[in-house]
Amino acid sequence: MPRITIVFAAAALGIAGPAAAQEPMNWQAVAGEALGTLQAYIRIDTSNPPGNVGPAVDLLAGVLKREGIAFERFESAPGRSILMARLKGSGKAKPILLLHHTDVVPADASRWKRDPFGGEVADGAVWGRGAMDMKGIGVAHLYAFIALKRQNVPLDRDVIFMAVPDEEIGGELGAVWMRENHYDKFEPEYILDEGGFGSRDLFSPGKLVFGISVAEKKILWLELMAEGIAGHGSQPHDQNPNDRLVRALARLLAEPMPPSNVEVLETMKERVGELAPNKFNNAIQHSTISLTSLRSGVGEPPKVNVIPSIATATLDCRVLPGTTKEEWLALVARRLGDPEIRIEVTYESEDPVVTTQDSTLYRALEAAVTRKHPDAIVTPMIVPFGTDANGFRPHGVKSYGFFPAVLPATALGSMHGDAEFIPVDALAPAIEIFFEALRATASAPSR
């Protein structure tokens with residue numbers, strides 16, 4: 001049975017009043033606090049599976065309790081804890097939701113040079129599973145949220161901090177569960193989640209570019225099946241399903257993906273210029289297909305001298321906005337060039353919705369970035385991976401994926417890898433930019 005725990009803190013129950021004079025924030029000191037919290041957070045193994053995030057939520061709840069901030073705790077299933085804290089506004093506008101996930105993908109410690117759950121600080125970085133995806137971003141959310149409280153910022157809307165499980169396996173017991181069961185408790189106008197970031201070397205070398213994610217690609221996972229006739233390996237024949245599938249896959253992958261004229265991408269190119277040739281920029285400019293598995297054979301391990309009767313392959317397809325599922329499946333079938341190969345959709349995300357750039361929060365993020373980094377180019381972008389925020393876009397929520405830190409391509413490439421890290425010096429400016437954008441948006445009327 002799902003449980004809800006409410007922890008009250010007297011200082012957080014009232015509507016924010018007039019701000020008292022406050023000392024300027026020492027962002028380096030705040031970043032020092034955040035670094036300690038991030039190290040402790042990484043040291044809690046929240047690998048999914050199994051996905052037990054309870055101790056991580058205990059950690060975050062402890063930080064909030066020390067700050068006198070009330071929170072609610074939900075249990076969608078054993079080990080699947082959800083934390084929600086609120087800074088109360090006047091109610092003139094709908095809330096801003098700071099959303100991050102507490103679970104991480106598993107780590108094979110034998111492939112790491114450092115303890116993946118050590119939270120070690122070395123070479124100017126914090127190392128460990130989740131440093132980038134996405135405990136580092138969650139901690140930046142947390143300390144920007146705390147800064148609003150410490151500065152007694154008057155709010156016209158609630159600012160909500162939420163930590164959810166299960167994102168790495170689809171979010172059914174995390175963000176999806178909250179949306180389906182408790183949406184009335186937070187119903188936001190805006191969401192800030194993972195997705196975009198700043199970099200001097202990933203988008204265009206020599207240019208400091210901050211991309212704010214306004215859309216995601218549609219995810220279609222496909223299974224292909226070729227059937228044939230089993231037989232003895234000593235007697236090849238033309239009904240071998242392996243041969244059939246391999247030839248079809250060669251045809252499918254031989255053609256480059258066609259270019260796209262998605263408006264967000266056109267805007268990005270206008271602002272940034274030609275994007276650097278790398279796998280990330282290729283993925284945000286094209287619909288893509290990754291061949292992720294091939295399965296065949298008889299027996300375990302498969303017998304070398306047996307021709308099987310079935311061969312299968314799986315494809316991870318990420319499709320840009322503007323292409324429907326039916327159009328994509330027709331394209332895959334045409335490229336395979338074999339109508340006898342069966343195509344099954346094993347997973348399908350929602351159709352992409354593009355969030356507008358013409359909003360108070362987007363403009364506040366852009367302004368905060370350029371104040372901190374006058375040489376920066378700020379642009380909307382599409383991200384090639386999925387996030388929890390995407391499920392809120394069809395509900396009319398303006399959802400942005402953004403971590404306002406300057407990150408090297410190596411850090412971005414370390415997500416889900418064997419040396420995941422986040423630069424220590426990324427934390428202070430990211431927290432400050434979040435704070436400034438939240439203050440400007442939460443103190444301004446809705447638009």
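The values are calculated or read from the model by the stated rules, or taken from the named source; none is laboratory data. Please read these numbers as outputs of a predicted model, since none were measured by experiment. With ideal geometry, Cβ positions are generated from the backbone for all residues, glycine too; neighbour counts draw on all protein chains shown.
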Exercise. Out of (1) within 24 Å of residue 433 (Cβ to Cβ); (2) among the polar types (S, T, N, Q); (3) free of Cβ contacts under 8 Å to residues at least 40 places away in the same chain, the odd one out for residue 102 is which?
Worked result: (3)
For this session: Please state which of the following conditions residue 358 fails to meet, knowing it meets all the rest: (1) assigned by TED's automatic domain parsing to the domain that holds residue 313; (2) under 30 Å from residue 184 (Cα atoms); (3) charged (D, E, K, R).
Result: (1)
Problem set entry | Number of the condition not met by residue 252 [criteria: (1) under 15 Å from residue 311 (Cβ atoms); (2) free of Cβ contacts under 8 Å to residues at least 40 places away in the same chain; (3) part of a helix (DSSP H, G or I)] | (2)
Exercise. Which pairs do you get when a residue that is under 28 Å from residue 363 (Cα atoms), found in the stretch 169-196, comes within reach of a residue that is basic (Lys, Arg), reach meaning Cβ atoms under 7 angstrom, with the pair 6+ apart or on two chains?
Worked result: 187/94; 188/94; 189/94; 189/398; 190/398
Exercise. Just one of the numbered conditions (1) at pLDDT 95 or above; (2) under 30 Å from residue 209 (Cα atoms); (3) of a type outside the set (Asp, Glu); (4) surrounded by fewer than 19 Cβ atoms within 10 Å (Cβ to Cβ) is not true of residue 329; which one?
Worked result: (2)
For this session: Check the stretch 172-191 and report whether any residue there is among the small types (Gly, Ala, Ser) and over 20 Å from residue 285 (Cβ atoms).
Result: yes
Exercise. Inside the stretch 17-127, counting only strands (runs of 3 or more DSSP E) that do not spill past its ends, which hold 3 or more residues that are within 24 Å of residue 424 (Cβ to Cβ)?
Worked result: 96-101, 120-122, 125-127
For this session: State whether the residues of the stretch 291-312 include one that is in contact with a Leu (Cβ under 9 Å, 6 or more places away or on another chain), within 23 Å of residue 272 (Cα to Cα) and not in a loop (DSSP other than H, G, I, E, B).
Result: no
Seminar exercise, completed: residue 390 passes all but one of the listed conditions (1) surrounded by fewer than 24 Cβ atoms within 10 Å (Cβ to Cβ); (2) modelled with pLDDT under 95; the exception is number (1)
Exercise. Within the stretch 253-273, is there a residue that is charged (D, E, K, R), under 26 Å from residue 344 (Cβ atoms) and buried (at least 18 other Cβ atoms within 10 Å of the Cβ)?
Worked result: no
For this session: Identify all residues within the stretch 223-247 that are buried (at least 21 other Cβ atoms within 10 Å of the Cβ) and either over 21 Å from residue 295 (Cβ atoms) or out of contact with any Pro (no Cβ under 7 Å at 6 or more places or on another chain) (or both); write none if there are none.
Result: 224, 240, 245
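Per-residue answers, yes or no, for (1) of a type in the set (Phe, Trp, Tyr); (2) under 30 Å from residue 210 (Cα atoms); (3) over 27 Å from the mean Cα position of the chain (by Cα):
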position	(1), (2), (3)
270	no, yes, no
281	no, yes, no
288	no, yes, no
291	no, no, no
296	no, no, yes
303	no, no, yes
310	no, no, yes
336	no, no, yes
Seminar exercise, completed: Over the stretch 195-219, the set of residues among the aliphatic types (A, V, I, L, M), more than 30 Å from residue 324 (Cβ to Cβ) and not in a loop (DSSP other than H, G, I, E, B) is 209
Problem set entry | Subset of the stretch 397-428 that is part of a loop (DSSP other than H, G, I, E, B) and among the small types (Gly, Ala, Ser) - its residue that is surrounded by the most Cβ atoms within 10 Å (Cβ to Cβ) | 414
Seminar exercise, completed: All-but-one check, residue 345 against (1) in a strand (DSSP E or B); (2) out of contact with any Lys or Arg (no Cβ under 8 Å at 6 or more places or on another chain), failing number (2)
Exercise. Does the stretch 397-418 include one or more residues that are out of contact with any Pro (no Cβ under 6 Å at 6 or more places or on another chain), without any contact (Cβ under 8 Å) to a residue 12 or more places away in the chain and at positive phi?
Worked result: no
Exercise. Quick one: how many residues across the stretch 262-273 are without any contact (Cβ under 8 Å) to a residue 60 or more places away in the chain and either of a type in the set (Ser, Thr, Tyr) or under 24 Å from residue 317 (Cα atoms) (or both)?
Worked result: 2
For this session: For the stretch 72-82, state whether one or more residues are under 21 Å from the mean Cα position of the chain (by Cα), at pLDDT 95 or above and among the hydroxyl-bearing types (Ser, Thr, Tyr).
Result: yes
Problem set entry | Residue within the stretch 106-124 that is surrounded by fewer than 16 Cβ atoms within 10 Å (Cβ to Cβ), polar (S, T, N, Q) and in contact (Cβ under 8 Å) with a residue 60 or more places away in the chain present | no
For this session: Looking only at the stretch 117-130, decide whether some residue is under 16 Å from the mean Cα position of the chain (by Cα) and at pLDDT 95 or above.
Result: yes
Exercise. If you scan the stretch 299-317, which residues turn out to be buried (at least 19 other Cβ atoms within 10 Å of the Cβ) and touching a His at 6+ places or on another chain (Cβ under 9 Å)?
Worked result: 307
